[in-house]
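Structure, as structure tokens:
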Amino acid sequence: MLLVGMLDSPYVRRAAVTGTLLGLEFEHRSVSVLRHIDEFRTINPLIKAPTLVADDGTAIAESLLIIQHFEDLAGRSLRPVEASARTRDLSLTGIGIVAAEKAVAMGYEHRRPEDRRDAVWQERILSQLHTALDQLDAAAGRGELTDGPELLPSDLAAAIAWGYCRFALPDVVPAERWPALAEQAAACETLDVFRQWPIDRE
């Protein structure tokens with residue numbers, strides 16, 4: 001299998017970390033959807049990161065579906081089995097995904113020339129991002145997000161979203177505002193699987 005996309009994408013990184021934790025072997029290729037458009041188009045005409053090229057050559061786009069495929073191959077999931085714990089994990093994973101999504105959207109807004117930015121839209125995105133981080137920080141403070149010993153999808157989603165925020169948007173995501181989340185993410189970043197898949201800007 002081939003996982004395609006830059007590790008400065010929280011979606012690519014979450015898929016890579018999840019696949020590794022599930023014990024799967026796959027190759028990773030850093031291809032940018034911005035700087036390597038023609039190369040990416042030959043892999044997936046949708047130019048969508050991450051893209052997973054399965055062993056039979058089928059291209060799967062969208063990180064949640066890639067992770068679902070990884071779970072199918074591994075015959076297991078990182079999610080807890082018990083119903084209430086599973087529901088809580090799904091809820092927190094969704095919040096982590098929203099945090100990553102809004103941070104990425106804010107990053108794209110910052111790429112626009114100043115006179116082409118929509119202040120109202122930016123304020124909405126920032127409000128959604130901060131709300132998601134507020135909720136993750138509260139969950140981390142309650143001990144619902146951890147750095148193991150068995151990492152759940154919600155742990156990964158929160159830590160990877162936070163890592164991306166601090167990497168791409170440090171000025172709008174001050175660490176001191178969300179201390180519990182910052183501590184949880186920092187602990188995750190020391191783990192071998194996170195070190196194996198570091199954020200980069202190749």
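The values are calculated or read from the model by the stated rules, or taken from the named source; none is laboratory data. Everything numeric in this text was worked out from a predicted model, so none of it was measured. Here the Cβ is made from the backbone with ideal geometry for all residues, glycine too, and neighbour counts use every protein chain on show. Accessible surface is based on the protein model in full, side chains and every heavy atom, while ligands, DNA and RNA are left aside. Shrake-Rupley method; radii C 1.70, N 1.55, O 1.52, S 1.80 Å.
The table below gives the values:
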item: Cβ-Cβ under 8 Å pairs, at least 6 apart or on other chains, region 52-79 side within 21 Å of SER154 (Cα to Cα), far side open to solvent by 70 Å² or more (accessible area, probe 1.4 Å) and in a helix (DSSP H, G or I); result: ARG79/ARG86; ARG79/LEU90
item: Filter pass, ARG112 being at pLDDT 95 or above, open to solvent by 70 Å² or more (accessible area, probe 1.4 Å) and out of contact with any helix residue (DSSP H, G or I) (no Cβ under 8 Å at 6 or more places or on another chain); result: no
item: Condition broken by ARG86, with the remaining ones in (1) in contact with a Cys (Cβ under 7 Å, 6 or more places away or on another chain); (2) farther than 20 Å from ASP171 by Cα satisfied; result: (1)
item: So ARG76, is it touching a Lys or Arg at 6+ places or on another chain (Cβ under 8 Å), open to solvent by 50 Å² or more (accessible area, probe 1.4 Å) and farther than 14 Å from LEU3 by Cβ; result: no
item: Residues of region 23-40 satisfying the condition of being out of contact with any helix residue (DSSP H, G or I) (no Cβ under 8 Å at 6 or more places or on another chain), surrounded by fewer than 15 Cβ atoms within 10 Å (Cβ to Cβ) and either more than 18 Å from SER9 (Cα to Cα) or of a type in the set (A, V, I, L, M, F, W, C) (or both); result: GLU25, LEU34, ILE37, ASP38
item: Residue among ALA99, ALA54 that is closer than 18 Å to VAL12 by Cα, buried (at least 17 other Cβ atoms within 10 Å of the Cβ) and of a type in the set (Gly, Ala, Ser); result: ALA99
item: Unique residue being open to solvent by 60 Å² or more (accessible area, probe 1.4 Å), in a helix (DSSP H, G or I) and of a type in the set (S, T, N, Q) when the list is GLN135, GLN122; result: GLN135
item: Verdict on VAL17 being assigned to a helix (DSSP H, G or I), of a type outside the set (Ser, Thr, Tyr) and open to solvent by less than 50 Å² (accessible area, probe 1.4 Å); result: yes
item: Residue within region 41-48 that is under 16 Å from the mean Cα position of the chain (by Cα), of a type in the set (D, E, K, R), within 24 Å of LEU181 (Cβ to Cβ) and surrounded by 13 or more Cβ atoms within 10 Å (Cβ to Cβ) present; result: no
item: Candidate set: region 161-202, residues that are open to solvent by less than 30 Å² (accessible area, probe 1.4 Å) and outside any helix (DSSP H, G or I); chosen: the one farthest from PRO50 (Cα to Cα); result: TRP178
